[in-house]
Amino acid sequence: MGEIVLRDVEKAFGEVSVLRDINLSIKDGEFVVFVGPSGCGKSTLLRMITGLETVTGGEILIDGEDVTHSKPSTRGLAMVFQSYALFPHISVRDNIAFGLKIAGLPKAEIEAKVAQASSILGLDALLDRKPRELSGGQQQRVAIGRAIVREPAAFLFDEPLSNLDAALRVQMRLELIRLHERLETTMVYVTHDQVEAMTMADRIVVLEGGDIQQFDTPIALYDRPVNKFVAGFIGSPKMNFMPASPGAGGSVQVKNGPSVTIPGVHPDRMTAEMTLGIRPEHIRYSHDTGDLNGRILVEEQLGSDAFLYVEVDGIGMVTVRAVGERSFHNRQTIHLTLPPEHCHVFNSADQRINQD
Ligand code: ADP
Ligand code: MG
């Protein structure tokens, strides 16, 4: 079992408040990712769950038991860090077995557990090597093996892939997803990388400035971000934002642009100053006609996609994602249209006001 509940958790270092009003309920077996910019409090939150950091206020429950002030070793959790923290002078086998030996388990039981973890992680051929004889990805696997043999209620990962090169990160990401499917154990995973969060999580906690901005599934965050921060943080290239105000007949008037009548956006929720948001793949584009006229400053052609960075008259830079498109090039004129059903509207407090 590995249900983790945080109630009104707070953290301050001296006078400085770094986390506030943290209320989270992580289900047994769930893969939850904490994502947010550097310094937003992700590691601190994870360390409070493990007990490596004290809690200033609120309570933490694991499987219903209050562990707020319990020692880390009694919480039944296993933590995997960015720095693998392996013992350099002993073999992979002994690194994986280390905690079990300290706990005094019988030799046969230790061997069986090491063999099982090794087979899950594909480490069989490496068991007699020393950590320095392994690649970064292999070392990370050993660190995970050391966690698996403890059969924890939950695995906690703090940016475990950030020391690896891009290709290896993608591979390890898939391995961790498959590991989670196989073990069905709760995993809480910290990253600043929204792509990792989107691809791995059952649910994502978006943190910013010490507050939870939104806790939901990847697709819910993408389709229905609660505010402008989440809208801009999730998705790559980023959502486009344009200043707007209430327009005639319940529409939204883009400054120096069209007025758009958006389903689910009602005048009673509008404020004098607003922001219209639209994702790059949702903008329609044409050689001949559209609501906005612009000039392509940069065309990033990836073959599968083309990202067009367009300087739009009176608005500024707008990013357009054009799947499979080959016919637009630098310095050409382009015409853009904003389909109403894909427009997000944020009020003056940056809260999304679409009702959907
Ligand atoms: P993240 O992991 O999201 O990058 P952290 O949880 O490491 O962020 O840090 C959150 C905030 O708390 C930062 O402003 C950081 O400077 C501060 N902080 C972290 N640890 C300490 C500490 N031991 N003493 C004082 N401030 C700290
Ligand atoms: Mg951190």
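The values are calculated or read from the model by the stated rules, or taken from the named source; none is laboratory data. This structure is a prediction, so every number in the text was calculated from the model and none was measured. Neighbour counts run over all protein chains shown; Cβ positions are idealised from the backbone, glycine included. We work out accessible area using only protein heavy atoms, side chains counted, and drop any ligands, DNA or RNA first. Shrake-Rupley method; radii C 1.70, N 1.55, O 1.52, S 1.80 Å.
Quick one: how many residues across the stretch 80-97 are open to solvent by 40 Å² or more (accessible area, probe 1.4 Å) and closer than 20 Å to residue 153 by Cβ?
Start the filter on the stretch 80-97 by keeping residues that are open to solvent by 40 Å² or more (accessible area, probe 1.4 Å), which leaves 81-83, 85, 87-89, 93-94.
If we keep only those that are closer than 20 Å to residue 153 by Cβ too, we end up with 81.
Selection size over the stretch 80-97: 1.
Looking at 315, 262 in this structure, which one is under 18 Å from residue 238 (Cα atoms), aliphatic (A, V, I, L, M) and either surrounded by 12 or more Cβ atoms within 10 Å (Cβ to Cβ) or in contact with a Phe, Trp or Tyr (Cβ under 9 Å, 6 or more places away or on another chain) (or both)?
Being under 18 Å from residue 238 (Cα atoms), aliphatic (A, V, I, L, M) and either surrounded by 12 or more Cβ atoms within 10 Å (Cβ to Cβ) or in contact with a Phe, Trp or Tyr (Cβ under 9 Å, 6 or more places away or on another chain) (or both) holds for just one of 315, 262, which is 315.
Report yes if residue 299 is on the phi < 0 side of the Ramachandran plot, touching a Lys or Arg at 6+ places or on another chain (Cβ under 8 Å) and open to solvent by less than 70 Å² (accessible area, probe 1.4 Å), otherwise no. Give the steps one after another, and end with the answer.
Details: on the phi < 0 side of the Ramachandran plot: yes; touching a Lys or Arg at 6+ places or on another chain (Cβ under 8 Å): no; open to solvent by less than 70 Å² (accessible area, probe 1.4 Å): yes.
No, not satisfied.
Only one residue in 62, 22, 102 is crowded, with 19+ Cβ neighbours inside 10 Å, in the same structural domain as residue 148 (by TED's automatic domain parsing) and more than 16 Å from ligand 1 (Cβ to nearest atom), so which one is that? Before you say what the answer is, go through the steps one by one.
Details: 22 fails: more than 16 Å from ligand 1 (Cβ to nearest atom); 102 fails: crowded, with 19+ Cβ neighbours inside 10 Å.
Exactly one of 62, 22, 102 is crowded, with 19+ Cβ neighbours inside 10 Å, in the same structural domain as residue 148 (by TED's automatic domain parsing) and more than 16 Å from ligand 1 (Cβ to nearest atom), namely 62.
Is there any pair linking a residue in the stretch 306-331 that is under 17 Å from residue 254 (Cα atoms) and touching a residue at least 40 places away in the same chain (Cβ under 8 Å) to one that is of a type in the set (Lys, Arg) and surrounded by fewer than 19 Cβ atoms within 10 Å (Cβ to Cβ), with Cβ under 8 Å and at least six apart or on different chains, and which?
Matching pairs, first to second residue: 314/255; 315/255; 319/238.
Exactly one condition in (1) within 16 Å of ligand 1 (Cβ to nearest atom); (2) among the charged types (D, E, K, R); (3) closer than 18 Å to residue 142 by Cβ is not met by residue 53; state its number.
(3) is the only condition that residue 53 fails.
Considering only the stretch 17-94, give the strands (runs of 3 or more DSSP E) lying wholly within it that have at least 1 residues that are within 16 Å of ligand 2 (Cβ to nearest atom). Lay out the reasoning, then the answer.
Details: elements: 31-35, 57-62, 77-80.
Where strands (runs of 3 or more DSSP E) fall fully within the stretch 17-94 and carry at least 1 residues being within 16 Å of ligand 2 (Cβ to nearest atom), they are 31-35, 77-80.
Answer yes or no: is there a residue in the stretch 29-48 that is of a type in the set (A, V, I, L, M, F, W, C), open to solvent by 40 Å² or more (accessible area, probe 1.4 Å) and at negative phi. Talk me through it step by step, then tell me what you get.
Going residue by residue through the stretch 29-48, those that are of a type in the set (A, V, I, L, M, F, W, C) are 31-35, 40, 45-46, 48.
Now restrict to residues that are open to solvent by 40 Å² or more (accessible area, probe 1.4 Å): none.
Looking for residues that are of a type in the set (A, V, I, L, M, F, W, C), open to solvent by 40 Å² or more (accessible area, probe 1.4 Å) and at negative phi, one finds none in the stretch 29-48, hence no.
Check off (1) outside any loop (DSSP other than H, G, I, E, B); (2) outside the structural domain of residue 159 (by TED's automatic domain parsing) for residue 288 and give me the number that stays unchecked.
Status for residue 288: all satisfied but (1).
Working carefully through the options 324, 277, find the one that is at pLDDT 95 or above, within 29 Å of the chain's Cα centre (by Cα) and closer than 27 Å to residue 219 by Cβ. I'd like the intermediate steps shown before the answer.
Details: 324 fails: at pLDDT 95 or above.
Step by step, each of 324, 277 is checked, and only 277 is at pLDDT 95 or above, within 29 Å of the chain's Cα centre (by Cα) and closer than 27 Å to residue 219 by Cβ.
Among the residues of the stretch 148-193, what is the count of those that are within 16 Å of ligand 1 (Cβ to nearest atom) and open to solvent by less than 50 Å² (accessible area, probe 1.4 Å)?
So the count comes out to 12.
Cβ contacts < 7 Å: first residue charged (D, E, K, R), restricted to the stretch 22-42; second residue open to solvent by less than 10 Å² (accessible area, probe 1.4 Å) and assigned to a loop (DSSP other than H, G, I, E, B), any location; separation 6+ or different chain. Result?
From the stretch 22-42, the pairs are 28/2; 42/36.
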